[in-house]
Amino acid sequence: MKKCLQNVNVKDKRVILRVDYNVPIKNGKILDDTKIRETLETINYLVEENCKIILLSHLGKIKNKEDKEKYSLAPVANHLKELLQSEVYFTKEIMSEDLYARVEQLKPKEILMLENTRFADIPGKLESSCDIQLSMFWASLGEIFVNDAFGCAHRRHASNYGIAKHIESCIGFLMQRELYSLNKLVQNPEHPFVVVMSGAKIDDKIELLEKMIEKCDYLLCGGGIANTCLRALNFDIGQSLASFNPMTISKIQKIMLNNQEKIMLPLDAIVGTTYDENYVKYKLIDQIDDNDIILDVGLKTLEKYKTAINEAKTIFLNGTLGLYEDVRFANGTKEFFKMVTNSNAITIVGGGDSASAARNLGYENKFTYISSGGGATIDYLGTGTLIALDIIPEEVAIETLDL
């Protein structure tokens, strides 16, 4: 295990705490605060240790100046203040002499949240490229760095990997729970092991898909991943979400050819269309028209997937089987969750859309474990490591010390 917060002397220190507050916000209101609530144990511990706490997080993707207006962390700071029932100060600064002065003004037990770390990506992508100057500046704000941002631990950014290179570092309680639970439940899963993968980022997931197919007994596909597989098999998927990258298509074809007995794809679908937002129709996969958009799976697919679920001893879900946010296309995901949670298997949800769907559809307490990470969870299960944790030292057992 990496060096843990409870084994580091943080009393009376200035502590930089990296969290993952990349939460959904609409009209200034946070729609799901799970990621925030899961860090409260770490924050309260640091308060009890009389620390001065500097909070860092990203929010959304910052590609232009307009995104900076949309993705400020100010509403998150206000929400955290309500949860803690104590003051949380917020600064729009992320790298300036004024920020040094503001940090110096912090009193013990006080919390200062910096503006969105990804604001440093305009211009120059200083955060996402792990710029050394930005990393050193943020590191200089504190004496100890605590990484509790599991959801972005697969990213080599200045605010996680970069800071840890320059000051004493450890992991917080959320990160510890994630690593312990995932190690226990999935690193050496009980077989048959069923993996369910969906989502939009098929080009980003292809390498991990290759690793997971080696570990699992069945791979059940949904969403953009299923559509890409169907397209690679020359099915017409209309205007459905899928990858059109020739390299991705070629790799998918190879994966399917070498793992025909493992991979399960949809047999039918609930579709919309590009020309009528009220259009909803059931179709078999070989009946999809050029203007159709696959938005959910049908009953034949659920029955097919049930054969794998009934055999499973461990089930890992990453993604949903349809556009669950729209009630017209939520049935596939809802019925699949019911099927999975009624099984006798250990059931793990890999964050992201699948975690939100589990909460929104009433299944939050029916899974064995719900991870706070999406891509990070898949990375860890596929590779056994996370790049932002590689830089944090391992715990050292007392008996191994050279006294």
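Given the options A308, A312, name the one that is surrounded by 24 or more Cβ atoms within 10 Å (Cβ to Cβ) and at pLDDT 95 or above.
Numbers: A308 fails: surrounded by 24 or more Cβ atoms within 10 Å (Cβ to Cβ).
Just a single option satisfies the conditions, and that option is A312.
For L208, all conditions in the list (1) outside any strand (DSSP E or B); (2) among the hydrophobic types (A, V, I, L, M, F, W, C); (3) modelled with pLDDT of 90 or more; (4) open to solvent by 10 Å² or more (accessible area, probe 1.4 Å) hold save one; what is the number of the exception?
(3)
Only residues that are under 24 Å from P123 (Cβ atoms), hydrophobic (A, V, I, L, M, F, W, C), touching a helix residue (DSSP H, G or I) at 6+ places or on another chain (Cβ under 7 Å) and open to solvent by less than 80 Å² (accessible area, probe 1.4 Å): list them for region 86-104, please.
Within region 86-104, F90, I94 meet the criteria.
When H191 is evaluated against the numbered criteria (1) open to solvent by 60 Å² or more (accessible area, probe 1.4 Å); (2) in contact with a helix residue (DSSP H, G or I) (Cβ under 8 Å, 6 or more places away or on another chain); (3) not in a helix (DSSP H, G or I); (4) not β-branched (V, I, T), which criterion, by number, is the only one it fails?
The one condition H191 does not meet is (2).
Check every one of the helices (runs of 4 or more DSSP H) wholly within region 1-115 and list those with 2 or more residues that are under 24 Å from the mean Cα position of the chain (by Cα) and without any contact (Cβ under 8 Å) to a residue 60 or more places away in the chain.
Details: elements: 34-37, 40-48, 65-70, 74-84, 97-104.
Answer list for region 1-115: 34-37, 40-48, 65-70, 74-84.
Please tell me if D296 is at pLDDT 95 or above, acidic (D, E), surrounded by 20 or more Cβ atoms within 10 Å (Cβ to Cβ) and under 20 Å from L361 (Cα atoms).
So D296 fits the description; yes.
Could you tell me which numbered condition V19 fails, if it satisfies all but one of (1) closer than 23 Å to K165 by Cα; (2) surrounded by fewer than 21 Cβ atoms within 10 Å (Cβ to Cβ); (3) of a type in the set (V, I, T)?
Status for V19: all satisfied but (2).
For region 167-188, enumerate the residues that are assigned to a loop (DSSP other than H, G, I, E, B) and open to solvent by 20 Å² or more (accessible area, probe 1.4 Å).
The initial filter retains those residues of region 167-188 that are assigned to a loop (DSSP other than H, G, I, E, B), namely 167, 172, 188.
Residues satisfying the conditions are I167, N188.
Of the numbered conditions (1) at pLDDT below 85; (2) hydroxyl-bearing (S, T, Y); (3) within 19 Å of L219 (Cα to Cα), T333 fails exactly one; give the number of that condition.
Going through (1) at pLDDT below 85; (2) hydroxyl-bearing (S, T, Y); (3) within 19 Å of L219 (Cα to Cα) one by one, T333 breaks only (1).
Among (1) more than 21 Å from the chain's Cα centre (by Cα); (2) not in a loop (DSSP other than H, G, I, E, B), which single condition is S343 missing?
Every listed condition holds for S343 apart from (2).
Please note which strands (runs of 3 or more DSSP E) are completely contained in region 269-331 and include at least 3 residues that are under 24 Å from the mean Cα position of the chain (by Cα). Talk me through it step by step, then tell me what you get.
Values: elements: 276-284, 292-297, 314-318.
Strands (runs of 3 or more DSSP E) meeting the threshold: 292-297, 314-318.
The values are calculated or read from the model by the stated rules, or taken from the named source; none is laboratory data. Bear in mind the structure is a predicted one, so any value in this text is a computation, not a measurement. No Cβ is skipped: glycine too gets one built from the backbone with ideal geometry, and neighbour counts run over all protein chains shown. Areas reflect the complete protein model, heavy atoms only, side chains present, ligands, DNA and RNA absent. Shrake-Rupley method; radii C 1.70, N 1.55, O 1.52, S 1.80 Å.
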